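Peer 1: Let me give you the structure first, and then I'll get to my questions.
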Amino acid sequence: MLRLDAVDRKILLALIEDPRIQVSELADKVGVARNTAQSRLRRLENASVLRHGGRDVDLAKLGYDVLAFVTLEVNHRELDSVITALRHIPNVLEIHETSGQGDVWVRLATTDTHQLQSALRHILRIKAVTRSSTTLALHTHLPYRTAPLLENAP
């Protein structure tokens, strides 16, 4: 697990905000010399924190190696307030309104099961959440991808 300092975090946040940012712009935004920004990028890439062309962050390399999928049943009249509350939980990576069993699907990343339990308790304290079901990911065999769709697009 790679430990990040404030400069590393600023670099990653800047890359998330603008994946096409140039190194010189990144250095200015973060407030470091261009060579410092370049060496930090190289270190993050060598540690595999940055993958897929250097713009996608591998959270597991930063210690967030517990990935969970939570299906929520909610009071439909308060769906918007549930989504708003979920957006304020830092461990929540994605929120999807779904059909079928459950109403909302949430993807969480945590550092360990204690942090997962804390995040789940936070979710269950949301007023309109009536039930939850959690599934842990044991291994990712195929990460999120779009290339096959684009390659086969009409």
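Peer 1: Given charges of +1 on the Cβ of Lys and Arg and -1 on the Cβ of Asp and Glu, with all other atoms neutral, how large is the dipole of the chain about its Cα centre, in debye to the nearest 20?
Peer 2: In total the dipole reaches around 380 debye.
Peer 1: Can you tell me what the convex hull of the Cα atoms of the range 66-137 projects to on average, as an area in nm²?
Peer 2: 4.2 nm²
Peer 1: Calculate the radius of gyration of the Cα atoms of the chain to one decimal place, then report Dmax, the largest Cα-Cα distance, as a whole number, both in Å.
Peer 2: 18.3, 53
Peer 1: If packing is taken as the mean number of other Cβ atoms within 10 Å per residue, what is the order of 36-44, 96-104, 112-120, highest first?
Peer 2: With the highest mean Cβ count within 10 Å placed first, the list reads 36-44, 112-120, 96-104.
Peer 1: Got the relative contact order for the range 8-154 handy, in percent, Cα pairs under 8 Å and 6 or more residues apart?
Peer 2: Once normalised by length, the contact order is 22 percent.
Peer 1: Using only the Cα atoms of the range 6-59, construct the convex hull and provide its projected area averaged over every direction, in square nanometres to one decimal.
Peer 2: Result: 3.2 nm².
Peer 1: About the Cα centre of the range 66-137, what is the dipole size in debye to 20, counting +1 per Lys and Arg Cβ and -1 per Asp and Glu Cβ, all else neutral?
Peer 2: Dipole size: approximately 200 debye.
Bear in mind that the values in this text are calculations on the coordinates, not laboratory data. Here the structure is a predicted model, which means the values were calculated and not measured. Every residue, glycine among them, receives a Cβ derived from its backbone with ideal geometry; neighbour counts consider all protein chains shown.
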